[in-house]
Amino acid sequence: MKKIEAIIKPFKLDDVKEALTGAGIIGMTVSEVRGFGRQKGHTEMYRGGEYTVDFLPKMKVEVVVADGLVDEVVALITVAAKTGSIGDGKVFVEPLEEAVRIRTGERGDNAL
Amino acid sequence: MTESGAIKRALPWRIVAAVIVACVLAVGGWVFAQDKPAAPAAPAAPAAAPAPPPSKPDPAGTATGGIADVTAKDAGKPTLTEIADFAGHSRVSINLMWTLLTGFLVMFMQAGFALAETGFTRAKNVAHTMMMNFMVYAIGMTGYWIMGFALQMGGLGPISTMGGTGVLDSEFTISLFGKDFGLFGMKGFFLAGSTYDVAVFALFLFQMVFMDTAATIPTGAMAERWKFSSFVVYGFFISMITYPLFANWVWGGGWLSQLGKNFGLGHGHVDFAGSSVVHMVGGVTALAGAMVLGARIGKYNKDGSANPIPGHNLPMAALGCFILAFGWFGFNPGSTLAGGDLRISVIAVNTMLASASGAIFAMFYMWAKYGKPDPSMMINGMLAGLVAITAPCAFVSSFWAFVIGAFAGMLVCWSVFFVERTLKVDDPVGAISVHGTCGAWGVLSLGLFSDGTYGDGFNGVEGTVRGLFYGGASQFVAQVIGTLTCFGFVFVASWVFFKVYDLAFGMRVSPEVELEGLDVPEMGGHGYPEVHGPATLVHSMGASAVRAPGVAALAPERSR
């Protein structure tokens with residue numbers, strides 16, 4: 001089992017969700033997050049003055065999948081979330097020790 | 001605990017406030033005793049039997065209302081005197097009704113100010129900013145009823161269109177250069193005694209909502225750092241002293257309105273609906289207050305450069321501006337105090353044209369200078385056009401109305417940057433520029449562009465009102481005197497008041513309170529608790545709601 005964590009542009013969430021559900025991935029968790037990478041925020045204007053917004057709004061998509069699906073899911077997210085411009089985000093993959101479905105008590109891949 | 005400590009510290013102040021109110025009411029009782037109400041009029045003759053209702057319906061409305069509806073002893077056969085009485089009563093009825101209805105519109109401008117100012121400030125101060133705008137209505141009205149109205153209108157004398165304000169007949173004057181200078185009125189404290197009169201009450205309502213418009217302007221410029229207790233005292237100060245005095249000089253028969261009669265300066269200082277009396281008074285008070293308070297933490301860098309502090313809710317501010325623009329149809333056309341004065345159509349059109357050109361020119365100015373049509377300055381631009389046209393709305397053509405608004409739209413941008421970057425006074429909402437600067441432009445523009453089509457007999461001077469470009473140079477001089485007086489008197493009086501209060505009690509919240517946001521320390525709770533409250537608070541609120549008897553039983557059981 002692996003947890004795939006993708007930080008993406010907020011308006012790309014629907015594309016990513018559709019790509020994943022279209023490939024048979026049946027669960028995910030999303031949260032609104034803020035952050036910056038090499039893009040380093042941007043500037044906005046208010047009443048003739050510029051100010052910097054350091055932490056840009058992003059969406060974090062978390063998907064837990066069986067080991068065999070990791071490459072496919074990462075590829076799907078990478079394609080769906082890409083605009084080609086700076087600030088498209090990143091995908092992180094990390095090992096996951098255990099998963100439990102609360103209702104039935106199933107464990108491991110069966111709980112996904 | 002610190003909370004109970006804060007409550008204990010607050011108590012003496014409340015006791016002092018209660019004692020002051022008690023003293024004022026005692027004085028009021030004395031005033032009541034001095035000024036007996038007029039004896040009620042002799043009971044009217046028994047009403048004639050009403051005309052029988054029309055037997056047929058009248059869908060076109062052409063047959064409804066006729067001779068049978070004129071009150072007459074012999075129904076359907078009124079005498080000439082009865083017809084004349086009826087015509088006079090109808091005229092005054094239309095005028096009082098117009099004055100009251102437009103006053104109701106102006107009252108709603110309080111909502112516009114509340115939304116605009118709160119939208120332009122930060123979410124952590126939302127309860128504080130909103131409640132200043134809310135309570136200034138109640139506080140200002142109380143102060144105005146106690147003595148503000150009497151100082152402003154106590155010497156007004158009769159208004160021909162309204163029937164009965166002749167009881168306001170007592171103006172305190174001093175004699176200089178052989179001329180009388182009216183300083184303040186002395187009739188109408190608590191609307192008691194002989195001022196218990198329908199025309200006076202209509203006038204009170206209309207003038208009260210104007211005063212409250214001025215009173216709510218400084219709450220924007222002084223937002224996000226002003227102690228609420230200090231604001232409360234200020235609310236009484238402006239409604240009982242500064243506003244009524246200047247308003248008396250211009251609208252209550254005081255010395256500025258007499259510059260024409262006494263010194264041949266046009267029609268005296270003319271301000272049709274209040275560019276100076278309402279807006280400039282509010283804007284200049286805002287300037288004095290914001291100067292004494294100082295800038296918000298983080299507004300200025302060490303090198304003196306300014307940082308933008310974006311407001312938290314632009315849609316709220318834009319809605320507030322639209323409500324204000326709607327209310328202005330009461331503000332300006334209502335200032336005829338006469339629904340039968342058909343100049344109101346010219347006034348209403350001039351008002352809306354100036355709001356359009358103000359918004360458009362602010363938009364293009366910001367677009368050209370900074371690359372984007374700044375939303376907050378477009379909002380300020382529309383308000384600037386409205387403020388500027390308020391004085392000249394009745395005296396200029398639609399072309400000049402558009403020009404006056406257009407210049408105001410650019411002037412407000414220049415003024416905002418001048419106040420922010422040169423004076424280094426922090427005005428979160430632009431109130432000083434919108435109301436102070438553009439208010440001054442409004443009264444001066446009246447002295448330039450009034451075209452002589454209206455205002456015959458205004459302020460007791462024969463002939464119509466003409467500005468500099470229409471052969472009325474002396475009118476412009478009167479406008480300049482009025483503008484300088486407004487700035488000088490209001491700035492000095494307000495600055496001294498704020499400074500003395502600040503030295504004695506402190507006007508500004510502590511830096512810790514300011515950084516945290518004023519809502520909890522000053523008001524007791526957040527305006528947006530679910531956004532700003534700690535997560536545990538929200539959770540425990542939810543949990544206790546579920547635990548409450550009955551609620552859990554009502555919650556539908558989820559199938560999965």
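The values are calculated or read from the model by the stated rules, or taken from the named source; none is laboratory data. These numbers come from a predicted model, not from an experiment. Neighbour counts run over all protein chains shown; Cβ positions are idealised from the backbone, glycine included.
Observations, loosely collected:
- Region B:116-131, residues that are in a helix (DSSP H, G or I) and farther than 18 Å from B:His279 by Cα: B:Thr118, B:Gly119, B:Ala123, B:Lys124, B:Asn125, B:Val126, B:Ala127, B:His128, B:Thr129, B:Met130, B:Met131
- Total residues in region B:304-354 satisfying the condition of being part of a loop (DSSP other than H, G, I, E, B) and away from chain A (no Cβ under 14 Å): the figure is 8.
- Scanning region B:228-276 for residues that are in a helix (DSSP H, G or I) and of a type in the set (A, V, I, L, M) yields B:Val232, B:Val233, B:Ile238, B:Met240, B:Ile241, B:Leu245, B:Ala247, B:Val250, B:Leu259.
- Sole exception among (1) touching a Lys or Arg at 6+ places or on another chain (Cβ under 7 Å); (2) over 18 Å from B:Ala325 (Cα atoms) for B:Ser397, by number: (1)
- Counting only residues that are of a type in the set (A, V, I, L, M), within 14 Å of chain A (Cβ to nearest Cβ) and within 25 Å of the chain's Cα centre (by Cα), region B:355-380 holds 4 of them.
- Among the residues here, A:Val91 qualifies as surrounded by 13 or more Cβ atoms within 10 Å (Cβ to Cβ), over 30 Å from B:Ser305 (Cβ atoms) and β-branched (Val, Ile, Thr).
- The test for being loosely packed, with under 14 Cβ neighbours inside 10 Å, charged (D, E, K, R), touching a helix residue (DSSP H, G or I) at 6+ places or on another chain (Cβ under 9 Å) and within 14 Å of chain B (Cβ to nearest Cβ) holds for A:Glu32.
- Of everything listed in (1) at pLDDT below 95; (2) outside any loop (DSSP other than H, G, I, E, B), the single unmet condition for B:Met141 is (1).
- Close pairs from region B:175-195: first at positive phi, partner among the β-branched types (Val, Ile, Thr), Cβ under 9 Å, at least 6 apart: B:Gly188/B:Val167; B:Gly188/B:Thr195; B:Gly188/B:Val200; B:Phe190/B:Val31; B:Phe190/B:Ile146; B:Leu191/B:Val200; B:Gly193/B:Val31; B:Gly193/B:Val167
- Considering region B:517-535, and only residues there that are in a loop (DSSP other than H, G, I, E, B) and modelled with pLDDT of 90 or more, the residue that is nearest to B:Val126 (Cα to Cα) turns out to be B:Gly527.
- When residues in region B:164-194 are screened for being under 22 Å from B:Arg91 (Cβ atoms) and surrounded by fewer than 20 Cβ atoms within 10 Å (Cβ to Cβ), 2 of them pass.
- Restricting region B:430-456 to residues that are closer than 21 Å to B:Gly320 by Cβ and touching a Ser or Thr at 6+ places or on another chain (Cβ under 7 Å), the residue that is nearest to the other protein chains (Cβ to nearest Cβ): B:Ser433
- Looking across region A:84-112, the residues that are among the aliphatic types (A, V, I, L, M), under 18 Å from A:Met28 (Cβ atoms) and in a loop (DSSP other than H, G, I, E, B) come down to A:Leu96, A:Ala99, A:Ile102, A:Leu112.
- Single residue of region B:381-410 satisfying the filter (out of contact with any helix residue (DSSP H, G or I) (no Cβ under 6 Å at 6 or more places or on another chain) and assigned to a helix (DSSP H, G or I)) that is farthest from the other protein chains (Cβ to nearest Cβ): B:Phe399
Listed here are the residues, each with its yes/no results for (1) closer than 26 Å to B:Asn133 by Cα; (2) under 14 Å from the mean Cα position of the chain (by Cα).
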{"site": "B:Phe228", "(1), (2)": "yes, no"}
{"site": "B:Ile241", "(1), (2)": "yes, no"}
{"site": "B:Pro244", "(1), (2)": "yes, yes"}
{"site": "B:Gly260", "(1), (2)": "no, no"}
{"site": "B:Gly264", "(1), (2)": "no, no"}
{"site": "B:Val270", "(1), (2)": "no, no"}
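- Conditions (1) surrounded by 24 or more Cβ atoms within 10 Å (Cβ to Cβ); (2) outside any helix (DSSP H, G or I): number failed by B:Thr161: (1)
- All positions within region B:246-258 that are within 18 Å of the chain's Cα centre (by Cα) and under 19 Å from B:Leu448 (Cβ atoms): B:Val250
- Any hit, region B:454-464, residues being touching an Asp or Glu at 6+ places or on another chain (Cβ under 7 Å) and of a type in the set (S, T, N, Q): yes
- Scanning region B:454-467 for residues that are surrounded by 18 or more Cβ atoms within 10 Å (Cβ to Cβ) and either farther than 17 Å from B:Ala394 by Cβ or touching a Leu at 6+ places or on another chain (Cβ under 7 Å) (or both) gives a single hit, B:Gly467.
- Residue list for region A:36-54, restricted to those being more than 7 Å from chain B (Cβ to nearest Cβ) and on the phi > 0 side of the Ramachandran plot: A:Lys40, A:Gly41
- Single residue of region A:11-29 satisfying the filter (in a loop (DSSP other than H, G, I, E, B) and of a type in the set (A, V, I, L, M, F, W, C)) that is nearest to the other protein chains (Cβ to nearest Cβ): A:Ile26
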